[in-house]
Number of protein chains: 10
Amino acid sequence: MPPLVTLDTSQHPYLPQYSSALFAAKSLKKLSFEDIARHLGRSEVATAAIFYGQATASPEDLQVLSKILELDHAALEPLMNVFPDRGRSVEMPPKDPLIYRLYEIVQNYGYAYKAVLNEKFGDGIMSAISFSTKVEKETDQDGNNWAVITLKGKW
Amino acid sequence: MPPLVTLDTSQHPYLPQYSSALFAAKSLKKLSFEDIARHLGRSEVATAAIFYGQATASPEDLQVLSKILELDHAALEPLMNVFPDRGRSVEMPPKDPLIYRLYEIVQNYGYAYKAVLNEKFGDGIMSAISFSTKVEKETDQDGNNWAVITLKGKW
Amino acid sequence: MPPLVTLDTSQHPYLPQYSSALFAAKSLKKLSFEDIARHLGRSEVATAAIFYGQATASPEDLQVLSKILELDHAALEPLMNVFPDRGRSVEMPPKDPLIYRLYEIVQNYGYAYKAVLNEKFGDGIMSAISFSTKVEKETDQDGNNWAVITLKGKW
Amino acid sequence: MPPLVTLDTSQHPYLPQYSSALFAAKSLKKLSFEDIARHLGRSEVATAAIFYGQATASPEDLQVLSKILELDHAALEPLMNVFPDRGRSVEMPPKDPLIYRLYEIVQNYGYAYKAVLNEKFGDGIMSAISFSTKVEKETDQDGNNWAVITLKGKW
Amino acid sequence: MPPLVTLDTSQHPYLPQYSSALFAAKSLKKLSFEDIARHLGRSEVATAAIFYGQATASPEDLQVLSKILELDHAALEPLMNVFPDRGRSVEMPPKDPLIYRLYEIVQNYGYAYKAVLNEKFGDGIMSAISFSTKVEKETDQDGNNWAVITLKGKW
Amino acid sequence: MPPLVTLDTSQHPYLPQYSSALFAAKSLKKLSFEDIARHLGRSEVATAAIFYGQATASPEDLQVLSKILELDHAALEPLMNVFPDRGRSVEMPPKDPLIYRLYEIVQNYGYAYKAVLNEKFGDGIMSAISFSTKVEKETDQDGNNWAVITLKGKW
Amino acid sequence: MPPLVTLDTSQHPYLPQYSSALFAAKSLKKLSFEDIARHLGRSEVATAAIFYGQATASPEDLQVLSKILELDHAALEPLMNVFPDRGRSVEMPPKDPLIYRLYEIVQNYGYAYKAVLNEKFGDGIMSAISFSTKVEKETDQDGNNWAVITLKGKW
Amino acid sequence: MPPLVTLDTSQHPYLPQYSSALFAAKSLKKLSFEDIARHLGRSEVATAAIFYGQATASPEDLQVLSKILELDHAALEPLMNVFPDRGRSVEMPPKDPLIYRLYEIVQNYGYAYKAVLNEKFGDGIMSAISFSTKVEKETDQDGNNWAVITLKGKW
Amino acid sequence: MPPLVTLDTSQHPYLPQYSSALFAAKSLKKLSFEDIARHLGRSEVATAAIFYGQATASPEDLQVLSKILELDHAALEPLMNVFPDRGRSVEMPPKDPLIYRLYEIVQNYGYAYKAVLNEKFGDGIMSAISFSTKVEKETDQDGNNWAVITLKGKW
Amino acid sequence: MPPLVTLDTSQHPYLPQYSSALFAAKSLKKLSFEDIARHLGRSEVATAAIFYGQATASPEDLQVLSKILELDHAALEPLMNVFPDRGRSVEMPPKDPLIYRLYEIVQNYGYAYKAVLNEKFGDGIMSAISFSTKVEKETDQDGNNWAVITLKGKW
């Protein structure tokens, strides 16, 4: 079984201060993002994005997080009830190969997406804000695993 | 009805030479990428990627393209039966807002994707090569359109 | 009286091909953007943005433009009824001092805007797409001119 | 109700030292920028700009700030009665989506603004120094919120 | 005697089209910038800046230029009676050693100038637009030549 | 009266260690650069450049500085009797608007200066090392202040 | 005999925290990568990559490492049983000459490799993930040493 | 069977002029790099490197090339008997995914290679000039293809 | 015998127009830089620098060049009797390995040179303008060739 | 007499840890690089390069250094008997004017060196590794000092 994701703050010095608190508690409680996402009723990616300071935790999220991670709500609330300063987790171009592959998809297929989206929807853009995304795992008949990422944005 | 996508070569000087031939014929025949994709039996994004020199056209694709675009197969074949020099269509960071939104998703959610993928699949990457992608249009009950992009890559 | 704005294509090689046609006709007809905007019923900035290939001209815009600029509608329509490839007119950071001043405002006040907008609207962004903008001229009692730029974006 | 804006110094290591003192006091006193701006008699954006070290606080501003934030004037004065070292708060291009949208407006409309300003005012620039700016909230009849940013600069 | 300055357009592809016309005529008429500046009643630097497309020629300048350079006024006027697109002549950091030395002065003394200007004038900036500049030659008693550049900008 | 210039080391982490000592003493003694320059018999810009680690203090300068700033000469001497590591105070392009304006002058007028200097002096450069510079304040009859910067370099 | 490789954390601040622990123990035990690789049954490059945080140590690797380096397994396991955040050890372009030479090979021969690989394998890529690599030393008859690096990646 | 590699000069404007002549002849004669390398008695990568202007063709190579490609030796010789201006074929970081994978190997394993090479050979570098390289194809028992790249450089 | 150096203008589009004329004539006359330098009485590097537009040819140089290259002096003189626009021949960082090695020497030994020069000469710089340089070839007793580059600059 | 070179670690945070120890001892013992080089029997530049972590100290060098600097050999040896991580002392392009002048020589004369070296030695490079360099001081009859830098590299 793969290990759970942890945070090495020496590698991520610009994340918000609560990120290390959340990751430390997650490790201690041995919870996966899937576990936490189920408790929050949010997608796993949105859940992880909260941990990396890229998404806002609602008051309800805060209640759940402090409970399942056994973190003091009164201490957590002022740290996390903030407006995220987005975009600081990934230095572009990404150096990590997994994240680079996503960047490469934009580099290679950017105009293909634009062309298809424009012909389907007319001029405009897909919002990256009114936006949800999820990751699923599929296994084909040969036993190969496929990662399926879905991006859904308001036009 | 939105117009069809065309190519302004003064804005895309580094695309392969056949790109302008394909786009010119597409305009003349008034075909959308949806029309062409249906003939090719490929996704619309893969179809557009061929037009932008980002994906390989198979011999069968070449037959269909030369037929529906009324382009001489003997002239088209040596131009298009080549190995694509990928990544030249988009200058990074992307300047066009639609393509930038995809880049921004990678910038904001990169580590969230990595974390969820790692916990689901272990160490490794999602291939950007053994990879397919599609774009769909959904309309919700309030009449809002949503663009749904699916990325499926082998782990 | 200040001259009208013209386009030197040797300085703007990546604009769409119709930009030079529009600017040439504008010079010939001695029309200001204010004149053209009045005919189009659009803001002057939106009008100029069409000339620089940054905004879409509607079919009605095309009718008006071809009429007041005396450009053949049948020739203009296929060139201009396209999806704009936005962001190609300004190289960042901008070198022209006037445009640099706008860039500098973002550089200096970026977090101040974010802070005030977040406190007023909560988490989210001001759209740069569902967006309108205008420029006005005010003269104070000492005879000094002030440029007033208004940006209005959907939250 | 959205939370008040706070400052995470691990994400903003290059702001002046008084920024963290001001933000900490603002949080403690639960004051919004709107509240503080009303006391200072300045726009909310100018108020926030003082907090981020981008604008000068006058001696009167210092009196008001030390009073409403309950910070010792004798300690605050030498820290804040300084010449701001502007431009250090935002790394360009901005990574945060909200600030990026403002950058994108400059990237897309830069020459359109220049063209309209030049035709209206002749050659010259709009000052980014003899300059004021404000943010307003409008709600249309469909209940949508619109952010309206006004930039006013001497020509 | 040193030669006159000429323009090699293969090295300056982004200058406005009239630059090469002006430089060609200047060579033909064997006029120095000092000669031309005397006719225009402007500083030599401002005169050269017109040639490089960095400054506006007034209608009177245009009359003088077309006369002393023997260029047809009717042909020159539409080319030169334009708003300059400033900043395109020098790629930063400058590669030419002479221009680099000026850049180096800003790099080394930037904060020293800011400190002295702030203490002398208070917060604010020296305008680079309401601005004049000149170059003078001084020879000391040892026969050494010194270049003296004066920058004068409104505060 | 404008405040004296101070140094916020959190904004200037790469200056030499003596910079903060000098600035702290200058604040304590309430001395302007004009005051200190008068004592040193050097220009104000050269004086400020010593404070920012961009110029060498001579043994005589050290004597004067330790006296008027009441800093222990024996402690100051080993820190300051060093070869300056120039160029570390300003990150290029400069973000502070005042320093950017000087950069902009080089960007806009670089080739104009080169042209005029070449015609006046022949091929060569103006030294940025055998070089002196000063700042003066002029007030015109309308009460406007003008900053006059003079650069004098050996050819 | 050349010394063993050590880690100067002041030169590598972004490596994971366990890197310094591993390198310190390696120095203390005077083990070469060849020694450690033999114990792990992995290539020397893969072994070194674990030390630099670029490759995953399996549970078996962890057992061996804690034993031969005499590091407490219970302390090491949570630090090292993580998903590597790859790509952080080398800043590109590499400044160290040895690593630059590898970069230079890609810069010079990149398209030659692509051409030969494409003709041999068709369109596709060599994986950098399903990938192994080793370094060998050969000495020719003149006594010259040759480094032989082998890269083997799945197509 | 995969197609042969061709050259699209609109995508490679900075290659030497003979590159397009060589590639055109190679297409016409339907020769693979393997074919040509066999005639030259050089590795396929070295052969392709000649075509991309990255390696020198010896007089013997020139004889063979002009013969098998049926290109006039007298015309080819002055074009190709030149010193290569290396490094112009790949823009770094590489955009093409195949070439990027090689770049990524340097980015990820750079210090691992350095560490192993240093321990094996002492201080020094592997030459990228006294250097040979080859590409081989291996097929494992499951029918998977593996690309094996060998780099051999003098220490 | 190695070939003579030629110029491929498709690889050097920004050199002055006379560069291609000089190189073409040099090839035709089969002259090495050593030959030409001997005629000019200048170092070979200075001679080559004239060919690349980096150094000024004196009137005497022009006489000699037009004679030995059999180029019409009246045509050559206006092209070459110009002020060089230096620095345009090499894009930094250099991609060609030979030039990169010189860059690498500056990168590695920059502060070592500064330290030794400062201790030998005091504060100051070695001029890159009052400067001469030469290249010599030495062969040691083992038959190895060594390139010796000497830089001599006024302090 | 000019002072000795010291090290301000706040300006050089990425040098190896032993650099500050060596420089501190050098200051204390009032030794110049010339003094130390004489003891080591190496060139002054190589000596300084050891201090900046750019060159390897041999066991003999270590003996001499610990003796003349009165540093404990047992403490120094593990710190300094390492493989240098070269290239970290100078950020490119160099900001210090003295080092920039060397960079400028490469930028201006790069292709002139390549041309002369190629004609003298054929295709190849001058090694920056099998390489020695020295600095000498010459005084001409007018009393001007000249710095003479010699680079000698194996071809």
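Consider H:ALA37 carefully, then state whether it is among the small types (Gly, Ala, Ser), under 18 Å from H:MET80 (Cα atoms) and open to solvent by less than 30 Å² (accessible area, probe 1.4 Å). Considered against the rule, which asks whether it is among the small types (Gly, Ala, Ser), under 18 Å from H:MET80 (Cα atoms) and open to solvent by less than 30 Å² (accessible area, probe 1.4 Å), H:ALA37 comes out as yes. As a summary of the residue check, F:THR47 satisfies the conditions (1) closer than 30 Å to C:LYS95 by Cα; (2) open to solvent by less than 20 Å² (accessible area, probe 1.4 Å) except for the one numbered (1). Scoring G:ALA57 on the criteria (1) away from chain H (no Cβ under 13 Å); (2) surrounded by fewer than 17 Cβ atoms within 10 Å (Cβ to Cβ) leaves a single failure, condition (2). Listed by first and then second residue, the pairs with beta-carbon distance under 6 Å, at least 6 apart or on different chains, first residue in segment D:123-138 and within 26 Å of C:SER127 (Cα to Cα), second modelled with pLDDT of 90 or more and among the acidic types (Asp, Glu), are D:ALA128/C:GLU104. It is to be established whether one or more residues within segment A:98-107 are in a loop (DSSP other than H, G, I, E, B) and either at the interface with another protein chain (Cβ under 7 Å from one of its Cβ atoms) or touching a residue at least 24 places away in the same chain (Cβ under 8 Å) (or both). Checking segment A:98-107: not a single residue is in a loop (DSSP other than H, G, I, E, B) and either at the interface with another protein chain (Cβ under 7 Å from one of its Cβ atoms) or touching a residue at least 24 places away in the same chain (Cβ under 8 Å) (or both).
Against the condition in a loop (DSSP other than H, G, I, E, B), more than 30 Å from J:LEU102 (Cβ to Cβ) and either open to solvent by 30 Å² or more (accessible area, probe 1.4 Å) or in the same structural domain as E:TYR14 (by the TED database) (or both), how does E:ARG42 come out, does it pass? First the steps, then the outcome.
On the way: in a loop (DSSP other than H, G, I, E, B): yes; more than 30 Å from J:LEU102 (Cβ to Cβ): yes; either open to solvent by 30 Å² or more (accessible area, probe 1.4 Å) or in the same structural domain as E:TYR14 (by the TED database) (or both): yes.
Considered against the rule, which asks whether it is in a loop (DSSP other than H, G, I, E, B), more than 30 Å from J:LEU102 (Cβ to Cβ) and either open to solvent by 30 Å² or more (accessible area, probe 1.4 Å) or in the same structural domain as E:TYR14 (by the TED database) (or both), E:ARG42 comes out as yes.
Suppose the filter is without any contact (Cβ under 8 Å) to a residue 40 or more places away in the chain and among the hydrophobic types (A, V, I, L, M, F, W, C); does G:LEU65 pass it? So G:LEU65 does not fit the description; no.
Mind listing just one residue for me: the one in segment E:1-34 that is touching a residue at least 60 places away in the same chain (Cβ under 8 Å), more than 14 Å from the chain's Cα centre (by Cα) and open to solvent by less than 30 Å² (accessible area, probe 1.4 Å) and, of those, nearest to E:MET80 (Cα to Cα)? This residue is E:TYR18. Evaluate segment D:81-88: report whether one residue or more is open to solvent by less than 10 Å² (accessible area, probe 1.4 Å), within 14 Å of chain A (Cβ to nearest Cβ) and either in contact with a helix residue (DSSP H, G or I) (Cβ under 9 Å, 6 or more places away or on another chain) or part of a helix (DSSP H, G or I) (or both). Checked segment D:81-88: no residue is open to solvent by less than 10 Å² (accessible area, probe 1.4 Å), within 14 Å of chain A (Cβ to nearest Cβ) and either in contact with a helix residue (DSSP H, G or I) (Cβ under 9 Å, 6 or more places away or on another chain) or part of a helix (DSSP H, G or I) (or both). Residues in segment D:124-145 that are open to solvent by 30 Å² or more (accessible area, probe 1.4 Å), part of a loop (DSSP other than H, G, I, E, B) and at the interface with chain C (Cβ under 7 Å from one of its Cβ atoms): D:ASN144 alone.
Scan segment G:85-97 for residues that are closer than 18 Å to G:LEU7 by Cα and in contact (Cβ under 8 Å) with a residue 40 or more places away in the chain and jot them down. So that I can check it myself, show each step before the final result.
Here is the first cut: in segment G:85-97, the ones closer than 18 Å to G:LEU7 by Cα are G:86-91, G:94-97.
Scanning segment G:85-97 gives G:ARG88, G:SER89.
Right, D:TYR109: touching a Phe, Trp or Tyr at 6+ places or on another chain (Cβ under 8 Å), of a type in the set (Ser, Thr, Tyr) and closer than 30 Å to C:ASP85 by Cα or not?
Here the answer is no, as D:TYR109 does not meet what is asked.
Can you find a residue in segment F:102-122 that is within 16 Å of the chain's Cα centre (by Cα) and either assigned by the TED database to the domain that holds F:ARG38 or crowded, with 23+ Cβ neighbours inside 10 Å (or both)? Checking segment F:102-122: at least one residue is within 16 Å of the chain's Cα centre (by Cα) and either assigned by the TED database to the domain that holds F:ARG38 or crowded, with 23+ Cβ neighbours inside 10 Å (or both). Against the conditions (1) in a strand (DSSP E or B); (2) modelled with pLDDT under 90; (3) not aromatic (Phe, Trp, Tyr), I:THR150 satisfies every one except (2). Of all the numbered requirements in (1) part of a helix (DSSP H, G or I); (2) open to solvent by 30 Å² or more (accessible area, probe 1.4 Å); (3) in contact with a Lys or Arg (Cβ under 9 Å, 6 or more places away or on another chain); (4) of a type in the set (A, V, I, L, M, F, W, C), E:MET92 misses one, and that requirement is (1).
Scanning segment G:17-34 for residues that are in contact with a helix residue (DSSP H, G or I) (Cβ under 8 Å, 6 or more places away or on another chain) and part of a helix (DSSP H, G or I) yields a count of 10.
The set of residues in segment E:146-155 that are over 15 Å from the mean Cα position of the chain (by Cα) and open to solvent by 30 Å² or more (accessible area, probe 1.4 Å) comprises E:TRP146, E:LYS154, E:TRP155. Scanning segment F:75-94 for residues being modelled with pLDDT under 95 and farther than 18 Å from F:PHE51 by Cα gives a total of 1.
The values are calculated or read from the model by the stated rules, or taken from the named source; none is laboratory data. Quick caveat, the model's predicted, so the values are computed rather than measured. FYI the Cβ positions are ideal-geometry reconstructions off the backbone, even for glycines, and counts take in every protein chain you see. Ligands, DNA and RNA are stripped out before the accessible areas are found, and what is left, the full protein with its side chains, is counted by its heavy atoms. Shrake-Rupley method; radii C 1.70, N 1.55, O 1.52, S 1.80 Å.
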